[in-house]
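Input: a single structure, listed below in structure tokens.
The values are calculated or read from the model by the stated rules, or taken from the named source; none is laboratory data. Quick caveat: nothing in here was measured; it's all calculated off a predicted structure. Here the Cβ positions follow ideal geometry from the backbone for every residue, glycine too, while neighbour counts run over all protein chains shown.
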């Protein structure tokens, strides 16, 4: 009985990050700022959107985003998510780019060098059978008989290694342990085990939940690709 009750309750629970992601995806904003300080721009964005936001600003004892950095941005009727990304793109410095991420119901903004630290990591698993499965190839003889070959364990491992190599090369290369960073990616039983911050995970598998959508609003699709996130309205 307890199990049934727990399942029913879970059906009505909404992931706290799903609400924030919904606010970012389904609210369009127009912004026109010219040389305005970053702290003021993000404060207005937070208040206007009604979300919780933590910005890791530079302090005497730590590196971080510069509150006084001048932001210039002109966008008309764009998703708040796109607006946020365009703001964070201007917050980086010579040592590190800046980005945003979701964590525990809060939008976090900071330098990637800050957000890639171990305190922000979480472990996620990514089954990769669909990526390494090799469709059997058939060679037809003169008699029309087929002979098939199945990928060997060694070949399958080589394919997995290639996937890991491509991820560490093209998805935030500087964060991975192989390249001197703190994030890890390994394979166990044809499953990728990835320990990394949210801004890395969203580029690997998106989010395991849908953004909360307001009623009577067409659904939107989001594609995360580094700092070039796109939001489109679904036609069907």
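Yes/no matrix, rows are residues, columns are (1) under 23 Å from the mean Cα position of the chain (by Cα); (2) touching a residue at least 40 places away in the same chain (Cβ under 8 Å):
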residue	(1), (2)
17	yes, yes
37	no, no
50	yes, no
57	yes, no
76	no, yes
86	yes, no
103	yes, yes
109	yes, yes
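With the requirement that a residue be closer than 19 Å to residue 106 by Cβ and surrounded by 13 or more Cβ atoms within 10 Å (Cβ to Cβ), what does the stretch 53-78 give you?
53, 54, 55, 56, 57, 64, 65, 67
Taking strands (runs of 3 or more DSSP E) that do not extend beyond the stretch 62-130, which have at least 2 residues that are under 20 Å from residue 43 (Cα atoms)?
It comes to 70-79, 98-103, 106-111.
Just the residues that are modelled with pLDDT under 90 and surrounded by 13 or more Cβ atoms within 10 Å (Cβ to Cβ), please, taken from the stretch 164-190.
Passing the criteria: only 190.
Which residues, taken from the stretch 147-163, are in contact with a strand residue (DSSP E or B) (Cβ under 9 Å, 6 or more places away or on another chain) and either modelled with pLDDT of 50 or more or surrounded by 11 or more Cβ atoms within 10 Å (Cβ to Cβ) (or both)?
Passing the criteria: 149, 157, 160, 161, 163.
Say we look at the stretch 23-61 and pick out the residues that are assigned to a loop (DSSP other than H, G, I, E, B) and closer than 21 Å to residue 120 by Cα; which of these is modelled with the lowest pLDDT?
Step by step, filter the stretch 23-61, then rank; the result is 61.
I need the full set of residues from the stretch 168-199 which are part of a helix (DSSP H, G or I), in contact (Cβ under 8 Å) with a residue 24 or more places away in the chain and in contact with a strand residue (DSSP E or B) (Cβ under 6 Å, 6 or more places away or on another chain), in order please.
Listed by number, the residues that qualify are 175, 198, 199.
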